[in-house]
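Each remark here refers to the structure printed beneath this line.
Derivation of every value follows stated rules applied to the coordinates shown; laboratory data play no part. Given the structure is predicted, the values throughout are model-derived calculations rather than measurements. Because the Cβ atoms are built from the backbone with ideal geometry, glycine has one as well, and the counts that use them run over all protein chains shown.
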Amino acid sequence: MLPEKNTVWCGLWAGGIIGSFFCKDDLGRNVTVNGERYRAMIRNFFLPQFAELNLVDMWFLQKGATCHTARETMGMLKDEFGEQLISRNGPVNWPPRSCD
């Protein structure tokens, strides 16, 4: 039997943490992240909390996982953050296999 795995997301900024968000299905079971689940988490979990902070001049940075850089995901993030998006294939490119 394989050990149970969890996928957790959180947003970090100088003033605190947004999250943690545990990736689960409607029955509460752990699931892997795909583009649809990632977009749902950003749209339904992150963006509402982010909006409450009333931050200006905020940048969004993400690594280059496929679910992060799917065309629909990038479109949604570009709509929200414009040129202040750091990501593989984003306005500010995040280098592949970066140690940061």
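Overview of values
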| quantity | calculated |
| --- | --- |
| Fraction of antiparallel bridges per DSSP, the chain only, in percent to nearest 5 | 70 percent |
| The chain: C-alpha pair distances exceeding 20 Å, % | 41 percent |
| Efficiency of FRET between Phe22 and Ala51 - r from beta-carbon atoms, R0 30 angstrom, step 0.05 | 0.90 |
| Cleavage-rule hits, trypsin sites (Lys or Arg not before Pro), the chain, DSSP coil, Cβ neighbours within 10 Å at most 13 | Lys5, Arg29, Arg97 |
| Between 0 and 90°, nearest 10: helix 71-81 axis offset from the chain longest Cα axis | 50 degrees |
